[in-house]
Amino acid sequence: MITNMNWIYRVAILLLVFMPDLYSQSMQSSDPKVELGRYLFYNADLSINGTMACATCHEQRRAFCDGNRVHPGALDDSGKRNVPTLANVSKFKNLTWAHNHLSGLAEQSLAPIRGTDPIEMGMNGHEDEIAKRLSQNECYQKLFARAFPEQKGVITLSTVTQALESFEKTLISDNSLYDQKMKAHKPLPTKEAQAGEKLFFKTAKCNTCHTAPLFSDDAFHQIEPEHQVVYNGMIDNGLSDVTANQKDKNFFRTPSLRNVFLSYPYWHDGSAATLFEAIRKHNLNINHTLSKREINQIIAFLKTLTDNTFITDPQFGKPSIECK
Amino acid sequence: MRIILLIGLLSLSLFAKEVDLPVELNAWKSLSYVGAAKSADELLNASLTLNNASYVGLINTPKIKYVTKPFNEGGTVSYGGIFEIKIPQSGIYRVVLGNASWIDLVKDGKAAKSIAHNGGPQNSGIRKMVDYPLEAGIYTLQLSAGADSTTAILVTKIK
């Protein structure tokens with residue numbers, strides 16, 4: 001009898017532990033706004049000439065980055081900044097590399113869709129075309145009706161961006177090897193990664209800005225104050241381009257290091273091709289010069305932040321059934 | 001339509017001649033016209049020849065039935081098309097393209113993985129170059145999410 005009770009307790013504990021995850025997964029698959037947002041995320045009709053979807057730059061297999069230094073826009077305008085990961089993007093107050101007053105992901109999505117600095121999807125002045133294109137598709141009419149019943153399924157730029165926000169909020173990455181070991185209170189599997197972890201959190205103080213668990217402090221820092229950043233003829237002053245305050249010049253938000261091994265190249269302008277270069281590029285006063293060996297140890301630690309579940313989860317991928 | 005194509009061919013040829021291209025891209029200087037297939041059934045009339053540059057006519061995306069679903073299929077206002085090309089021996093091949101269309105090289109239902117991406121030399125008319133390790137065989141070359149109804153393409157062996 002006591003043994004049976006123990007068994008029931010164990011099952012109950014397991015259910016309590018895993019219930020939130022299961023609940024969140026079922027919400028993901030059944031929420032009509034998330035479903036619509038996922039279709040829209042992979043739909044190139046959100047760009048002026050139908051060549052570019054959100055997913056063109058944010059590829060799941062690359063942790064929602066794209067592997068290019070910067071990505072040209074739909075009309076071949078030069079890109080300005082390196083594509084940032086979307087992992088845990090809903091957990092950030094500050095969105096993009098250098099903006100501090102966006103109200104949320106819906107407003108942020110307007111920057112690539114109709115922004116002009118740089119021109120990405122090229123829809124500035126053509127916003128109505130999005131609703132026109134989607135309205136011609138019976139499948140989208142149904143998806144919008146399900147997602148926005150209170151608005152009678154109206155297709156507008158506002159409902160499009162709200163749906164995109166709903167999908168992006170599901171992009172949670174918290175199952176890397178590092179997370180698994182933390183949860184199990186076990187050490188990382190290799191001596192090199194363990195040494196890198198110690199450097200990251202203690203000697204090299206990387207954690208000061210790349211603060212766990214997001215591996216970003218969601219704050220703006222001036223890492224290269226001596227450089228005027230010019231790439232592809234585009235001047236990038238960072239946060240001061242938004243605030244118009246000279247004190248914010250060359251300030252950029254700390255990027256998350258989750259899945260960083262997949263999100264090359266690095267830096268806001270993609271100017272660091274490798275993690276080694278990116279670490280060396282930090283001009284910080286930590287009273288410790290990192291040796292080549294130590295940098296490689298930090299890289300070994302950073303590799304443990306790769307979340308294979310996140311980059312393969314079909315719920316984040318392109319829908320297998322087309323919306324036609 | 002014929003006049004537009006001729007003007008396009010002529011301008012591309014003239015454009016390319018102004019630029020010193022690497023030896024492996026010499027074929028880019030002379031183009032012959034090939035119309036894209038809308039589906040696998042039409043592939044016999046849409047063959048590309050290795051080391052020969054082609055000026056290709058593309059098709060509005062909703063009319064195309066791709067052999068394998070492209071990662072970036074493009075929206076309803078974009079262009080794409082399907083072609084066939086014979087790869088005679090294993091090696092590294094480069095697909096050279098006049099626009100930024102998404103490229104898939106498909107054999108036995110699987111798309112080859114690219115190993116390098118580059119832009120073309122300045123003023124060459126080359127927008128992108130993508131390298132693939134390929135085995136010998138017949139490949140389906142799919143272009144998708146293109147901005148234009150025509151472009152130029154060259155497939156050449158580089159290693």
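Tabulated results
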quantity: Complete set of residues in the stretch A:44-68 that are in contact (Cβ under 8 Å) with a residue 40 or more places away in the chain, more than 20 Å from A:Gly125 (Cβ to Cβ) and at the interface with another protein chain (Cβ under 9 Å from one of its Cβ atoms); calculated: A:Ala55, A:Gly67, A:Asn68
quantity: Filter pass, B:Glu73 being within 14 Å of chain A (Cβ to nearest Cβ) and of a type in the set (Asp, Glu); calculated: yes
quantity: Residues that are at pLDDT below 95 and touching a Ser or Thr at 6+ places or on another chain (Cβ under 8 Å), drawn from the stretch B:69-84; calculated: B:Pro70, B:Asn72, B:Glu73
quantity: All positions within the stretch A:160-206 that are part of a loop (DSSP other than H, G, I, E, B), among the hydroxyl-bearing types (Ser, Thr, Tyr) and over 30 Å from A:Asn283 (Cα atoms); calculated: A:Thr170
quantity: Out of A:Ala212, A:Ala204, sole residue that is assigned by TED's automatic domain parsing to the domain that holds A:Trp267 and in contact with an Asp or Glu (Cβ under 8 Å, 6 or more places away or on another chain); calculated: A:Ala204
quantity: Count of residues meeting criterion [closer than 24 Å to A:Asp307 by Cβ, in contact (Cβ under 8 Å) with a residue 60 or more places away in the chain and not hydroxyl-bearing (Ser, Thr, Tyr)] in the stretch A:88-129; calculated: 9
quantity: Some residue of the stretch A:137-159 being modelled with pLDDT under 95, surrounded by fewer than 22 Cβ atoms within 10 Å (Cβ to Cβ), in a loop (DSSP other than H, G, I, E, B) and within 13 Å of chain B (Cβ to nearest Cβ); calculated: no
quantity: Filter pass, A:Ile130 being within 14 Å of chain B (Cβ to nearest Cβ) and under 25 Å from the mean Cα position of the chain (by Cα); calculated: yes
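Matching residues to (1) away from chain A (no Cβ under 14 Å); (2) out of contact with any helix residue (DSSP H, G or I) (no Cβ under 8 Å at 6 or more places or on another chain); (3) crowded, with 19+ Cβ neighbours inside 10 Å; (4) not in a strand (DSSP E or B):
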position	(1), (2), (3), (4)
B:Asn51	yes, no, no, yes
B:Pro62	no, yes, no, yes
B:Tyr93	yes, yes, yes, no
B:Ser114	no, yes, no, yes
B:Ser124	yes, no, yes, yes
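The values are calculated or read from the model by the stated rules, or taken from the named source; none is laboratory data. For clarity, every value in this text was computed on a predicted model and none was experimentally measured. Every residue, glycine among them, receives a Cβ derived from its backbone with ideal geometry; neighbour counts consider all protein chains shown.
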